[in-house]
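What follows is one structure encoded as structure tokens, with my remarks underneath.
Readers should treat all values here as calculations from the given coordinates under stated rules, not as data from a laboratory. Worth saying up front: this structure is predicted, and the values here are computed from it rather than measured. Please note: Cβ atoms are built from the backbone with ideal geometry, for glycine as well, and neighbour counts cover all protein chains shown.
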Amino acid sequence: MKQIIIEGGAPLSGTIKISGAKNSAVALIPASLLCDEKVRIDNIPNISDIDALNEILEYLGATVRRTDGTIEIDSTNIVNKEIPETISRKLRASYYFMSALLGKYKKVEMYFPGGCSIGARPIDQTLKGFKELGAVVVEEGNKYTITAEELRGGHVYLDMPSVGATINTMLVAVRARGKTIIENAAKEPEVVNVATFLNNMGAKVTGAGTSEIRITGVDYLKGCFTEVIPDRIEAGTYMIAGALLGNKLKIDNVIPEHVEALSLKLKEMGIPMEIGSDYIVISKKDNLKKVNVKTLGYPGFPTDLQQPLTTLLTQCTGKSVLEETIYENRFQNVKFLNDLGANIEISDRKIYIEGPTKLVGTEVIATDLRAGACLVLAGLLADGKTTINEVEHVLRGYENIVDKLTSVGAKITLKDV
Ligand code: EPU
């Protein structure tokens with residue numbers, strides 16, 4: 001087990017460079033299987049979720065070269081065989097192999113994916129997309145056998161704009177005969193990154209980034225190169241660190257538009273920021289105004305930043321209200337923030353944060369990735385020593401978090417226990 005230990009209170013200044021987006025990279029890697037030649041992807045973050053996807057690629061027999069942020073994948077000789085549950089349950093994104101293998105071989109056998117325990121996270125919309133494009137899905141317990149005699153274009157209406165279902169449907173549709181329309185598609189930048197990658201291979205995808213995506217299937221996808229976009233959630237997490245303790249902390253390599261939902265909230269609180277073309281400089285301020293936040297699909301406020309933001313809301317004056325509309329169990333960080341001295345009440349899908357409260361270090365648990373990020377931020381602020389257990393969750397999604405924070409002045413260490 002790994003622990004992060006923080007001596008709180010150190011001011012943060014200097015520059016943090018943002019890595020490639022986890023939620024793009026974890027889709028681009030499986031998507032590469034659709035290609036009939038070799039692909040190269042740059043700006044791959046060095047996080048354990050990528051290691052887990054590599055394991056699946058190598059299990060299937062792909063040739064993978066990973067060096068310093070770049071991955072080259074040659075999947076021309078892979079064997080389409082059942083992916084064991086022990087590997088697929090390591091992460092949610094394993095289910096992008098479902099669509100990539102179905103698209104390429106018209107058959108896939110694998111198990112329900114893993115991922116943080118933040119709600120039920122069904123995959124019904126993904127399966128609905130597959131069925132609409134001609135696949136037959138047989139479910140036996142956790143196992144899915146999905147086959148298609150012929151994949152053909154279809155009209156897929158998603159009940160909710162699910163990122164996963166949008167990407168999975170796109171990955172099958174690029175190899176299906178004819179035209180597919182995805183309505184009520186997710187508009188997240190990660191969806192656009194995947195569509196760009198597919199188009200670089202020669203696919204015909206238009207409308208990604210809007211709620212209607214149109215895809216015309218093609219027979220052959222050629223080798224290509226693409227780059228992972230900067231991680232807007234990592235950027236947002238460090239922006240919040242800057243708002244808590246920054247002395248002109250520079251967050252570099254960001255696409256400011258991708259973090260606008262957060263920067264507008266920070267502005268509403270009264271936090272000073274300089275927003276450049278690809279960077280944001282942010283400093284701490286006292287007497288922050290309370291704000292209300294509701295999580296929504298992009299361009300709304302991202303659910304992945306609500307737990308990190310909660311740490312900052314403990315420092316605002318008055319009662320802030322935060323509503324989580326995407327996941328039903330994403331408040332597991334609240335108990336631990338309260339252990340650190342916060343005053344937060346949970347009522348169904350809302351939390352009420354009364355501030356400002358002084359935080360004092362104690363021992364806490366990272367129950368999931370973003371809960372862990374929330375507690376790292378709290379530890380940076382709290383008086384004295386905070387010990388965060390089970391930080392494997394954090395290392396799944398934040399590249400070199402300890403080194404990055406150390407380089408800007410934090411007193412933080414990672415320990416094996
Ligand atoms: N949903 C369904 N049925 C489906 C798919 C989704 O009911 O078939 C529901 C989910 O239960 C959830 C909502 O729709 O309530 C959103 O789910 P979505 O499919 O959009 O999420 P996802 O694709 O599983 C990705 C990210 C999440 C991020 C969401 C934001 C990856 C690997 N994961 O999840 O990232 O919160 O989009 O919508 O890309 C994280 O990074 O911490 C994280 C959890």
Checklist outcome for this item: Matching residues in the stretch 183-209 (within 16 Å of the ligand (Cβ to nearest atom) and in contact with a Lys or Arg (Cβ under 8 Å, 6 or more places away or on another chain)) number 2
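Going by what's in this entry, would residue 113 be described as within 11 Å of the ligand (Cβ to nearest atom) and free of Cβ contacts under 8 Å to residues at least 24 places away in the same chain?
no
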Checklist entry - Is it true that residue 72 is within 22 Å of residue 193 (Cα to Cα), among the charged types (D, E, K, R) and in a strand (DSSP E or B)? => result yes
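In the stretch 268-278, is there at least one residue being among the hydroxyl-bearing types (Ser, Thr, Tyr) and outside any loop (DSSP other than H, G, I, E, B)?
no
Matching residues to (1) part of a helix (DSSP H, G or I); (2) within 16 Å of the ligand (Cβ to nearest atom); (3) aromatic (Phe, Trp, Tyr); (4) crowded, with 22+ Cβ neighbours inside 10 Å:
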residue: 328; (1), (2), (3), (4): no, yes, no, no
residue: 346; (1), (2), (3), (4): no, no, no, no
residue: 352; (1), (2), (3), (4): no, no, yes, no
residue: 358; (1), (2), (3), (4): no, no, no, no
residue: 374; (1), (2), (3), (4): yes, yes, no, yes
residue: 404; (1), (2), (3), (4): yes, no, no, no
Next on the checklist: Can you say whether residue 87 is hydrophobic (A, V, I, L, M, F, W, C), away from the ligand (no atom under 12 Å from the Cβ) and closer than 24 Å to residue 371 by Cα, as far as the supplied structure shows?
Outcome noted: yes
Checklist entry - What are the residues in the stretch 33-45 that are more than 16 Å from the ligand (Cβ to nearest atom) and of a type outside the set (Val, Ile, Thr), if any? => result 33, 34, 35, 36, 37, 38, 40, 42, 43
Checklist entry - Regarding residue 289, is this residue touching a Phe, Trp or Tyr at 6+ places or on another chain (Cβ under 7 Å), surrounded by fewer than 17 Cβ atoms within 10 Å (Cβ to Cβ) and at negative phi? => result no
Item to check | Those residues of the stretch 268-294 which are within 23 Å of the chain's Cα centre (by Cα) and among the basic types (Lys, Arg), in sequence order | outcome: 294
Checklist entry - So which residues in the stretch 118-167 are away from the ligand (no atom under 16 Å from the Cβ) and either assigned to a helix (DSSP H, G or I) or hydroxyl-bearing (Ser, Thr, Tyr) (or both), if there are any at all? => result 145, 147
Checklist entry - Here are 81, 106: which of them is within 22 Å of residue 150 (Cα to Cα), away from the ligand (no atom under 16 Å from the Cβ) and surrounded by fewer than 14 Cβ atoms within 10 Å (Cβ to Cβ)? => result 81
Checklist entry - If a residue has to be touching a residue at least 24 places away in the same chain (Cβ under 8 Å), away from the ligand (no atom under 16 Å from the Cβ) and not hydrophobic (A, V, I, L, M, F, W, C) to count, how many in the stretch 330-344 make the cut? => result 3
Next on the checklist: Just to be sure I understand the filter: pairs with C-beta atoms under 8 Å, separated by 6 or more residues or on different chains, first member in the stretch 172-197 and basic (Lys, Arg), second member part of a helix (DSSP H, G or I) and more than 11 Å from the ligand (Cβ to nearest atom). Which pairs pass?
Outcome noted: 175/34; 175/103; 175/104
